[in-house]
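In what follows, a single structure is set out as structure tokens and then discussed.
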Amino acid sequence: MMIDIEIREILEADIAFHSKFGMNFIRPEAKIMFLLKQNGPLSIKETMSFLDLSYRGFYILMRRMIEKGHVYVKADDSDGRVKRLVLAESIMDCS
């Protein structure tokens, strides 16, 4: 039996767990996928603000996710200097 739970509830539970125990129970890759599924494309800066990773750690993780085809980066429509992280359609269609 599948439990219907909102992405928001999962992310809030992870924050509460981190506050109580000092560690996350959701892998950073999954957190990025949840955030992009819920919010749509986010800037690199916005995405980084949700994660407890160093700048270098984030870019290593992002590169790995791009190589696996989970996400891709595109220039922002209104400001080409801003790069947006986008969830791949193959992942977006998974329910």
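Just so you know, all these numbers are worked out from the coordinates, no wet-lab data involved. Here the structure is a predicted model, which is why all the values come from computation and not from measurement. Cβ atoms come from the backbone with ideal geometry, glycine included; neighbour counts cover every protein chain shown.
Enumerate the whole-percent occupancy of each 5 Å bin, from 0 to the last occupied one, for all C-alpha pair distances of region 49-95. Here the calculated profile for region 49-95 is 5, 20, 20, 26, 20, 8, 1. To the nearest ten degrees, helix 28-39 and the longest principal axis of the Cα atoms of the chain are 70 degrees apart. Using the Cβ-Cβ distance between Phe25 and Phe58 with R0 = 22 Å, the FRET efficiency computed as 1/(1 + (r/R0)^6) comes to roughly 0.70.
Simple spin-label estimate for Asn39 and Glu12 gives 1.7 nm between the two label positions (7 Å along the Cα-to-Cβ direction from each Cα). The lysines whose alpha-carbon is closer than 20 Å to the alpha-carbon of Lys74, local same-chain residues fewer than 8 away aside, are Lys31, Lys37, Lys45, Lys83. Rounded to the nearest 10 degrees, the inclination of helix 55-67 to the longest alpha-carbon principal axis of the chain is 80 degrees. The charge dipole of region 27-92, taken about the Cα centre with unit charges on the Cβ atoms of Lys, Arg (+1) and Asp, Glu (-1), comes to about 220 debye, rounded to the nearest 20. Counted by neighbouring Cβ atoms within 10 Å, the residues Ser43, Ser49 run from fewest to most as Ser49, Ser43.
Go ahead and estimate [θ] at 222 nm for the chain from helices alone: -39,500 (n - 2.57) per DSSP H run with n ≥ 4, summed, over the residue count, rounded to 500.
Values: 5 runs with 50 residues, N = 95.
It comes out at -15500 deg cm²/dmol, rounded to the nearest 500.
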